[in-house]
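We did not get these values from a lab; they are worked out from the coordinates using the rules stated. What you are looking at is a predicted structure, and each value in this text was computed from that prediction instead of being measured.
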Amino acid sequence: MAEQEHEHHSTISTVRREHTEEESALRTVYYPITPGYEEEETELFFPHELLKFGIIILMIVGVLTFFASMVPMPVGDPADPLSTPPGIEPEWYFLSVYQLLKYVPRWLGVGFSFIVFPVLLFAVPFFWGPVRRVSWGWRALKIIVAIGVFVSALLSIMGLLGFE
């Protein structure tokens, strides 16, 4: 092995290694090392440390997965989706539908409040011009707008009834 010279600078020392003729004797490389350690004891972060950490992480995940699948935590009584515990209410923007579902069948309440009513609100501006040209158009539009206002007021009142 080529001769090594140690040069000490404050807390970090460097090792100067002379290369052999095959390694290009003109080049000198300085390796920083911590005082007290020799060059043979140093180890590169990649791949050695990276592989160590990877193996440790995989072992921990494996042990946790084993415990999670073989010894599951008890969660209490099984849930009943058909009964709502007292004191639980939906958010304020669903209160009107929540109240509506108390008075009408589920298919009618959900279908009307989430499908029919929004589609009608979206479609009215597109039919405003063509329907207005017909002789009975103004009357039909007034009726449609009145129904929309009535349903909006009804849903708002039902939402207010949800606050107890």
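In table form, for the structure just shown:
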item	result
Rg [Å, one decimal], Dmax [Å, integer] - the stretch 92-162, C-alpha atoms	14.3, 43
Alpha-carbon centroid distance for the pair the stretch 59-101 / the stretch 106-164, whole angstrom	36
